[in-house]
Amino acid sequence: MSTAQARMRPEDLAVYLVTDTEQCGGPGGVVETVRRALAGGATLVQLRDPHASDEEFVRLGLELADVLTGSGVPLIVDDRVHLVDEIGADGVHVGQSDMPPAQARAVLGPDAVIGWSVTNEAELDATLALPEGTIDYLGLGPMRATASKPGHADPLGMARLARLARRSPWPTCAIGGVTSRDAAALKASGVDGMAVISAICGTDDPEAATRELTEAWARAPRIA
Ligand code: TZP
C-alpha cells in the first residue's frame with residue numbers, strides 16, 4: 001500500500017459533506033449540520049467558507065474538529081493551507097486557483113491529506129505529471145451546474161466525469177449538483193464517492209439527507 005492510499009482510503013470519500021455557512025444558516029448551523037451528518041453516516045467533512053475571515057474560519061474549524069473527534073471521520077479544510085495545523089485538520093482541499101498541490105505538500109509535510117480539484121481533461125493530464133505522493137484524492141466536477149459555487153467551471157456531465165475517474169490513479173469523488181439519485185450511476189462509473197453541499201446543507205433534515213446518500217451509495221453495485 002502506498003503512502004497516498006494510507007492517507008485517504010477510497011471508502012472515506014463515499015459521502016463527503018462540504019459545508020456552506022450560508023446554506024447551513026450561519027456558523028452554529030454548520031456545527032449542527034456536521035453533527036447531524038455524522039449521525040447519518042457522512043464519511044468525510046470539508047470546512048468550506050470562502051467568505052470567512054481567517055479568525056472566523058479557525059473558530060469554526062476548531063468546533064468541527066471537536067465534533068469529529070473520535071468519530072474516525074477526517075476533517076479537511078478548503079484552500080487555507082496555512083490554517084490546517086492551527087485547526088488540527090487532517091488536510092486540505094485545493095482548487096486550480098489555490099496554492100499548487102506540490103507547494104501545499106511542501107508546507108504540510110508527508111502526513112496531511114491533500115485533495116485536488118480537476119475540472120477537465122487537460123487538468124487531469126497535468127495532474128498525472130505530479131510527483132508521486134503529492135496528492136491523495138481528486139474532486140471531479142462540477143458534474144452539473146450548481147448555485148453553490150458561483151463562477152464554477154463548465155459542467156462535465158456524468159459521462160465525461162466517469163471517463164476522468166477511470167483515468168485517475170487516485171481515489172475520486174464527484175461534485176456539483178450531486179444527489180442521492182446519482183449514487184448508482186456514479187458508483188457504477190468507478191467514482192469512489194459523492195461530495196455534496198446542498199444535498200445535505202440545503203435540507204431541513206441533514207441527518208436524514210445524509211442517511212439517504214449513504215444508503216443509496218451502499219445499495220449501488222460497483223460495476224467498473
Ligand atoms: N466545487 C465544484 S462544484 C461545488 C464545489 C465546491 C459546489 C457543490 O455544491 P452542490 O450544492 O453539492 O452542487
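Values quoted throughout were computed directly from the atomic coordinates according to the rules given, and no laboratory measurement underlies them. Everything numeric in this text was worked out from a predicted model, so none of it was measured. As a convention, Cβ positions derive from the backbone with ideal geometry for all residues, glycine included, and neighbour counts pool all protein chains shown.
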Q. From the residues in the stretch 136-164 that are surrounded by 11 or more Cβ atoms within 10 Å (Cβ to Cβ) and more than 16 Å from the ligand (Cβ to nearest atom), which one is nearest to the chain's Cα centre (by Cα)?
A. Asp136
Q) Just wondering, is there one or more residues in the stretch 172-185 that are in contact with a helix residue (DSSP H, G or I) (Cβ under 9 Å, 6 or more places away or on another chain), basic (Lys, Arg), more than 11 Å from the ligand (Cβ to nearest atom) and closer than 21 Å to Leu44 by Cα? A) yes
Q: Select, from Thr119, Thr33, Thr69, Thr43, the only residue that is loosely packed, with under 15 Cβ neighbours inside 10 Å and among the β-branched types (Val, Ile, Thr).
A: Thr69
Q | Hits in the stretch 21-60 - residues which are more than 16 Å from the ligand (Cβ to nearest atom) and under 27 Å from Trp170 (Cβ atoms) | A | Leu38, Gly41
**Q.** Unmet criterion (only one of (1) under 18 Å from the mean Cα position of the chain (by Cα); (2) touching a residue at least 40 places away in the same chain (Cβ under 8 Å)) for Asp205
**A.** (1)
Q.
Return the residues of the stretch 7-30 that are crowded, with 17+ Cβ neighbours inside 10 Å and more than 30 Å from Glu132 (Cβ to Cβ); say none if nothing qualifies.
A. Thr19, Asp20, Thr21, Gln23, Cys24, Pro27, Gly29, Val30
Q: Starting from residues that are in contact with a Pro (Cβ under 8 Å, 6 or more places away or on another chain) and within 25 Å of Glu32 (Cβ to Cβ), keep the ones in the stretch 165-224 and report whichever is surrounded by the fewest Cβ atoms within 10 Å (Cβ to Cβ).
A: Gly177
Q. Looking at the stretch 7-20, which of its residues are part of a loop (DSSP other than H, G, I, E, B) and away from the ligand (no atom under 13 Å from the Cβ)?
A. Met8, Arg9, Ala14
Q: Just need a number here: residues in the stretch 187-224 that are within 13 Å of the ligand (Cβ to nearest atom) and among the aliphatic types (A, V, I, L, M).
A: 8
Q: Could you run through the stretch 69-100 and say how many residues are closer than 22 Å to Gly41 by Cβ and touching a helix residue (DSSP H, G or I) at 6+ places or on another chain (Cβ under 7 Å)?
A: 7
**Q.** From Glu132, Glu123, residue being assigned to a helix (DSSP H, G or I), acidic (Asp, Glu) and in contact (Cβ under 8 Å) with a residue 12 or more places away in the chain
**A.** Glu123
